[in-house]
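A short write-up of the structure that comes next.
The values are calculated or read from the model by the stated rules, or taken from the named source; none is laboratory data. What you see is a predicted model; the values in this text were computed from it and never measured. For neighbour counting, all protein chains shown are included, and Cβ atoms are generated from backbone atoms with ideal geometry for every residue, glycine included.
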Amino acid sequence: MPNGNPLGILRPLEFLEFSSSRLGYFPEPLAFSLRAWRRFSMLHKETPYDIVHDVETLGYGLLGIRWQGVPVVSTVHHPLTLDLISHLGKARSWKERYYNVVFFPLIMQGIVARRIEGIITSSEAGIMEIERAFRVRRESIHLVHTGVDLEVFSPNPSVEKVPGRVLFVGNAQDPRKGIRLLLEALRLLPDGVTLVIVDEREPKKPYAPAMVRQMGLGERVVFTGRVTQEELVDHYRRANVLVLPSFFEGFGLPVVEALGCGTPVVVTDAGSLPEVVGEGEGGFIVPTGDSRALASAIERITRDPSLAREMGSKGRKRMERLFSWDRTASHTEKVYEIAAERCRAKGKEEG
């Protein structure tokens with residue numbers, strides 16, 4: 001409720017946001033986009049803007065900005081249809097299924113995605129998902145790899161590797177990240193192989209820690225909790241291998257960060273991960289859901305330091321070639337130019 005003024009909830013936008021959330025809808029993309037449009041309209045009068053770049057909102061307010069003659073592009077790593085499918089798979093009742101279906105603003109996002117000048121995504125897998133989920137024309141979707149600061153995420157030969165250390169970076173509470181698969185693989189590996197899990201969130205329900213206890217892996221798994229960027233880089237440098245056994249990834253930022261630090265990776269063939277790692281370059285790609293293949297790939301790297309160094313070196317070169325911020329900025333600028341030209345062409349047609 002609004003601080004100091006409870007009746008403020010009756011203002012149209014505030015009431016829409018409040019009441020729709022009571023029905024199970026996720027109103028933030030819509031409400032934020034409408035507020036952004038209102039604020040944009042004020043600022044645009046003072047200093048006209050050339051383009052607006054949205055990040056994964058795709059709310060109706062963007063169409064308001066577009067109607068003012070300003071081109072709009074949006075970055076979408078993956079459409080929310082994948083989240084909906086995952087949640088429906090875990091639903092235990094019709095009530096849960098209802099709330100899952102109404103929660104995600106998929107209709108709105110599809111309408112907006114088809115009407116703005118362009119969509120930016122970070123992988124070919126993302127392009128296919130956006131094309132399928134939102135029915136956006138292929139020529140309106142642009143591949144721009146997410147950049148990583150390769151000066152920060154860089155190798156340091158003076159930092160010694162910890163023998164047998166496996167690293168996982170991500171939301172260990174999300175089953176789609178494959179943490180159960182990784183723990184099953186760890187049980188197949190020698191006791192000298194240990195796992196460090198970097199997850200900045202404090203779990204409300206201890207999904208991953210509970211599995212560690214159930215599998216009897218307590219002495220071989222460490223949860224770091226929230227870490228600083230400097231500490232994260234140190235974890236990448238000290239690990240023998242980063243493992244990301246996801247069931248889908250729109251990009252997989254930890255993979256790029258690890259390879260930037262010269263640490264090889266083991267990933268599944270899910271979503272964009274094979275595109276990021278590259279065949280035979282920065283690590284091994286194993287079938288999704290196969291814990292034995294995962295364990296075998298981890299064992300090969302942890303047992304063979306020269307192989308790990310070779311993969312780490314190739315992976316670093318691949319990151320420099322494909323994932324620098326300079327390259328990301330250059331490709332994004334080209335998308336802006338295309339979007340501006342499309343907006344001008346539409347204006348001439350309408351005129």
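Quick notes on this one:
- Here Thr263, Thr328, Thr332, Thr302 are screened, and the one residue that is of a type outside the set (A, V, I, L, M, F, W, C), in contact with a strand residue (DSSP E or B) (Cβ under 6 Å, 6 or more places away or on another chain) and surrounded by 15 or more Cβ atoms within 10 Å (Cβ to Cβ) is Thr263.
- When each of Val166, Val144 is tested for being of a type in the set (A, V, I, L, M, F, W, C) and at pLDDT below 95, the lone residue that passes is Val144.
- Here Leu63 meets the list (1) modelled with pLDDT under 95; (2) assigned to a helix (DSSP H, G or I); (3) not acidic (Asp, Glu) almost entirely, failing just condition (1).
- Some residue of region 155-165 being of a type in the set (D, E, K, R), within 30 Å of Leu307 (Cβ to Cβ) and crowded, with 18+ Cβ neighbours inside 10 Å: yes
- Checking each residue in region 184-217 for being of a type in the set (Gly, Ala, Ser) and at pLDDT 85 or above picks out Ala185, Gly192, Gly216.
- Of all the listed residues (Val277, Val241), the sole one being buried (at least 17 other Cβ atoms within 10 Å of the Cβ), closer than 15 Å to Leu186 by Cα, β-branched (Val, Ile, Thr) and not assigned by TED's automatic domain parsing to the domain that holds Thr121 is Val241.
- Within region 98-114, tally of residues that are at pLDDT 70 or above and surrounded by 13 or more Cβ atoms within 10 Å (Cβ to Cβ): 11
- Test: residue in region 29-38 that is surrounded by 19 or more Cβ atoms within 10 Å (Cβ to Cβ), of a type in the set (Phe, Trp, Tyr), touching a residue at least 12 places away in the same chain (Cβ under 8 Å) and assigned by TED's automatic domain parsing to the domain that holds Met128: yes
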